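The structure under discussion appears below in the form of structure tokens.
The values are calculated or read from the model by the stated rules, or taken from the named source; none is laboratory data. All figures in this text were calculated on a predicted structure; none of them were measured in a lab. All Cβ positions, even for glycine, are placed from backbone atoms using ideal geometry, and neighbour counts span all protein chains on display.
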Amino acid sequence: MPPGQWRVKIGQKEDTTARTGQPAVRHVAAVERAFAVLDALADGDELGTNEIARRTGINASTVSRLLATLASARFVERVPETVPLGEKAAREM
């Protein structure tokens, strides 16, 4: 493949660039926001919606919708919430 062309790396046929031979220079904002959410989670930390919003600067409702979309595509998963035992409950167990 000549330099400067794009292809899908997950076992599909090669894809080429536009007839100009150059990649597009405009970006899709929603995709950039989705990548920002993935970058925030890349550390391996389990983060809530509000923390992701704080780290990325994206509105929390938008982060929530992006997470739902990413989860449906299996790029992220929701971690079940756990409530730690209080000191008294832990002593009585």
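If I go through the range 55-75 residue by residue, how many of them are surrounded by fewer than 16 Cβ atoms within 10 Å (Cβ to Cβ), hydrophobic (A, V, I, L, M, F, W, C) and not in a helix (DSSP H, G or I)?
Within the range 55-75, residues that are surrounded by fewer than 16 Cβ atoms within 10 Å (Cβ to Cβ), hydrophobic (A, V, I, L, M, F, W, C) and not in a helix (DSSP H, G or I) number 2.
I'd like to know if the range 1-19 contains one or more residues that are part of a loop (DSSP other than H, G, I, E, B), at pLDDT 80 or above and loosely packed, with under 14 Cβ neighbours inside 10 Å.
For the range 1-19, residues part of a loop (DSSP other than H, G, I, E, B), at pLDDT 80 or above and loosely packed, with under 14 Cβ neighbours inside 10 Å: absent.
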